[in-house]
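Engineer: So that we are looking at the same thing, I have put the structure below in structure tokens.
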Amino acid sequence: QLQLVVSGGGLVQTGGSLRLSCAASRRTNSMGWFRQAPGKEREFVAAINWSGGSTTYGDSVKGRFTISRDNAKNTVYLQMNSLKPEDTAVYYCAARQGYGLGVKRENYEFWGQGTQVTVSS
């Protein structure tokens, strides 16, 4: 069973930056980040393929967030810059058995625990 451990959340001011990490217990294929704000549906944030050569982003984070991976460490990162109060949410890391970039929650079979990101205005 694949395990994903997420770290790096916290409190930051508007315009600030945070980097989230997701450490997997073994090699993974495509990975993704999602977020969920109180009272809202879980939202796609970013995805990366197995090699790191292909990525995709949700419209609300394009140009501000960057997903990357270090396969030697079985770790995926989410660099978040120019943070806004509307980025406040619990962020989740996910892994899928397939190779394509998944943008839907149902594309992913494995999920890490969430980490809270709070952006103050």
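The values are calculated or read from the model by the stated rules, or taken from the named source; none is laboratory data. This one's a predicted model, so the numbers in the text were calculated from it and none came from an experiment. Using ideal geometry, Cβ is built from the backbone for each residue, glycine included, and neighbour counts are taken over all protein chains shown. Heavy atoms of the whole protein, side chains included, go into the accessibility calculation; ligands, DNA and RNA do not. Shrake-Rupley method; radii C 1.70, N 1.55, O 1.52, S 1.80 Å.
Engineer: Which length gain, in nm to one decimal place, applies between Thr118 and Leu2 when the Cα-Cα distance is subtracted from 0.36 nm times their residue separation? Intermediate results must be reported in sequence, preceding the final value.
Structural biologist: Working: separation 116, 0.36 × 116 = 41.76 nm, distance 2.78 nm.
Net length gain for the segment: 39.0 nm.
Engineer: Only bridges with both residues in the chain count here: give the DSSP antiparallel percent, nearest 5.
Structural biologist: 90
Engineer: Still on this structure, please answer the following. Suppose the Debye formula is applied to equal point scatterers at every Cα of the stretch 75-121; what is log10 I(q)/I(0) at q = 0.16, 0.28 Å⁻¹?
Structural biologist: -0.56, -1.10
Engineer: Would you mind counting up the charge near Gly9? Only other residues with Cβ under 14 Å from its Cβ, with Lys and Arg at +1 and Asp and Glu at -1.
Structural biologist: So the surrounding residues net to +1.
Engineer: Let me ask another. What is the sum of charges around Asn71, taking Lys and Arg as +1, Asp and Glu as -1, for the other residues whose C-beta is under 14 Å from the C-beta of Asn71? Don't jump to the answer; show the numbers that get you there.
Structural biologist: On the way: positive: Arg26, Arg27, Arg69, Lys73; negative: Asp70.
Once all neighbours under 14 Å are counted, the net charge is +3.
Engineer: Under 14 Å from the Cβ of Ser121, count the other residues' Cβ atoms, weight Lys and Arg +1, Asp and Glu -1, and hand me the total.
Structural biologist: Here the count lands on -1.
Engineer: Let me ask something else about it. If you roll a 1.4 angstrom probe over the protein chains with everything in place, what fraction of the accessible area of the chain belongs to carbon and sulfur, to the nearest %?
Structural biologist: Its accessible area is 45 percent carbon and sulfur atoms.
Engineer: Now for a different question. Once you have all Cα-Cα distances for the stretch 20-121, histogram them in 10 Å bins from zero and send the whole-percent values.
Structural biologist: Once binned at 10 Å, the Cα pair distances of the stretch 20-121 give 16, 54, 27, 3.
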